[in-house]
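Let me begin by presenting the structure, written as structure tokens, before commenting on it.
The values are calculated or read from the model by the stated rules, or taken from the named source; none is laboratory data. What you see is a predicted model, and the numbers here were worked out from it, not measured in a lab. Cβ coordinates were reconstructed from backbone atoms using ideal geometry, including for glycine residues, and neighbour counts include every protein chain displayed. The area values use the complete protein model at the heavy-atom level, side chains included, leaving out ligands, DNA and RNA. Shrake-Rupley method; radii C 1.70, N 1.55, O 1.52, S 1.80 Å.
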Amino acid sequence: MAGHQQAVWNDPESDGYEPLLAEKDRTTVDVEYDGLPEDLTRDSISLPALSEPEAARHYTRLSQMNYGIDSGPYPLGSCTMKYNPKFTEDIAARASAAVHPDRLEESVQGTLQLYAELQDYLGRIGGMDAVTLQPPAGAAGEFTGILVAAAYHERNGEGDERTEVIVPASAHGTNFASAAMAGYDVVELPATDDGRVDLEALSSAVGSETAALMLTNPNTLGLFERDIEEIADIVHDAGGLLYYDGANLNALLGHARPGDMGFDIMHYNVHKTFATPHGGGGPGAGPIGVTEELAPFLPSPQVRQGSDGYELFEPSESIGKVHGAMGNWLVLLKTHAYIRRLGDEGLEDASAKAVLNANYLASQIDLEVPFGPFHHEFVASAGDLDAADFAKCMLDFGVHPPTTKWPEIVPEALMTEPTEAESKRSLDRLAAAFDAVADDEDALESAPERTSARYIDQTSAARTPRLSWHALSDTE
Ligand SMILES: *Cc1c(COP(=O)(O)O)cnc(C)c1O
């Protein structure tokens, strides 16, 4: 199949890479301060000395060396790399969207109205009675949700007794981390041979020490937990709460609701379900929804419609604040715009197409795909090949590879989620990339060859990151 070549910029002064702006021309500017402590000031500052075209070219080159959802398909399972429609960016860029968080309530009624509406939309989509928009990411939502669960047990006089949170072995790493950060012992739950929650193992794991069970449905294999009502009964009968990890909500929109399945708390990854950009360390949002019983514990402030308009209030037994202001407003505004533009029918249709696309792609590739039928994602196995090498090789075909080596229940896992935004043509191109790599094992040794950066040591990159020019230059 046709390959793909990423841009490589051979700047002789920078070892073949596009240099940083700070490494290009620099100039020294004299500065004068008045009234600042002398030990905190300096006489001059060194700044990049570039013309506008040079700066514009720098960023254009970087974008051509990069790969994103605007370059091609991005089937990173569980992450749900949805296309981010540009109209939401236009709305968030309007001057009227820039509201100072400390303005008086009566002067920001429109903003508060949008908050209240979004709380309501998310509540209705998830089947939850109350929603907070504060947490800045899915993982932060998990942590907030577990703090709410802890406050609830504490209020019931069971705080000391309920010390455990149960998490399935196939769960996302953040579930384990959130429970542990909130002070709980984490109990890992094995799966059955068909990839679902093992009811017997669950029954023997729950008891008077159980604070909560954290679950996503469909699970990380893309499989629906058919026994969810029984699971909910087992946990509730023991006095525990059921937490829903919303990363896979893209599979359910308008078709099923976590609240109706018996979940008490859930988070929404708005960047996975409602087409806001992935934070990548930048601003994100991970609202949580809860049942009426848990609403008094939500973070403060909440927004509601009072007799004189929209107002802020502190829930009666609030766990306090989990983020500045009321959350990352512009991300939430994009979420609101996306939900309004699609409407009930559009959201339902997006989910149906996400599920159809995943099942079509799974049926088109030559690799072994255990389990199924799937919802919005599936996990293929690279078999005897190393899944990470397999993924690097796919890059040479101009597509982004799937998530690798997780969940561990499938050997050399390739966790694939095409999302609803891809056409049949694009899915066929993805399938061809899978098959081309599977057919050419020799290529795996030297891949990727056609990318702007070659095989990266991702373990060192994650463990000893050097994220700034200063960090880089200090170590050399
Ligand atoms: C992405 C993800 C999370 C964490 O969400 P963030 O918004 O990235 O913090 C949690 N659980 C699952 C299953 C996920 O895929």
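Among the conditions (1) touching a Gly at 6+ places or on another chain (Cβ under 6 Å); (2) buried (at least 19 other Cβ atoms within 10 Å of the Cβ); (3) closer than 19 Å to G145 by Cβ, L347 misses just one, which is (3).
Going by the conditions given, is S300 touching a Lys or Arg at 6+ places or on another chain (Cβ under 8 Å), away from the ligand (no atom under 16 Å from the Cβ) and open to solvent by less than 50 Å² (accessible area, probe 1.4 Å)? Show your work before the answer.
Working: touching a Lys or Arg at 6+ places or on another chain (Cβ under 8 Å): yes; away from the ligand (no atom under 16 Å from the Cβ): yes; open to solvent by less than 50 Å² (accessible area, probe 1.4 Å): yes.
Against the criterion (touching a Lys or Arg at 6+ places or on another chain (Cβ under 8 Å), away from the ligand (no atom under 16 Å from the Cβ) and open to solvent by less than 50 Å² (accessible area, probe 1.4 Å)), S300 qualifies.
Within segment 323-341, being of a type in the set (A, V, I, L, M) and open to solvent by 50 Å² or more (accessible area, probe 1.4 Å) holds for one residue alone: L330. Note on segment 269-351: enclosed strands (runs of 3 or more DSSP E) holding 3 or more residues that are assigned by TED's automatic domain parsing to the domain that holds R257 and more than 30 Å from K86 (Cβ to Cβ) are 302-306, 309-313. Looking at the structure I just gave you, is G284 away from the ligand (no atom under 12 Å from the Cβ) and over 18 Å from F374 (Cβ atoms)? It is false that G284 is away from the ligand (no atom under 12 Å from the Cβ) and over 18 Å from F374 (Cβ atoms). What do you reckon, is H58 outside any helix (DSSP H, G or I) and over 30 Å from K405 (Cα atoms)? Considered against the rule, which asks whether it is outside any helix (DSSP H, G or I) and over 30 Å from K405 (Cα atoms), H58 comes out as no. Within segment 16-53, the only residue that satisfies the criterion of being on the phi > 0 side of the Ramachandran plot and under 42 Å from the mean Cα position of the chain (by Cα) is G16.
For segment 303-317, filtering for residues that are out of contact with any strand residue (DSSP E or B) (no Cβ under 7 Å at 6 or more places or on another chain) and open to solvent by less than 30 Å² (accessible area, probe 1.4 Å) leaves 2.
Residues in segment 425-457 that are aliphatic (A, V, I, L, M), modelled with pLDDT under 90 and surrounded by 12 or more Cβ atoms within 10 Å (Cβ to Cβ): A443, L444, A453. For H236, the conditions (1) assigned to a helix (DSSP H, G or I); (2) buried (at least 17 other Cβ atoms within 10 Å of the Cβ) all hold with the exception of (2). For segment 350-364, which positions are open to solvent by less than 20 Å² (accessible area, probe 1.4 Å) and hydrophobic (A, V, I, L, M, F, W, C)? Scanning segment 350-364 gives A350, A354, A358, L361, A362.
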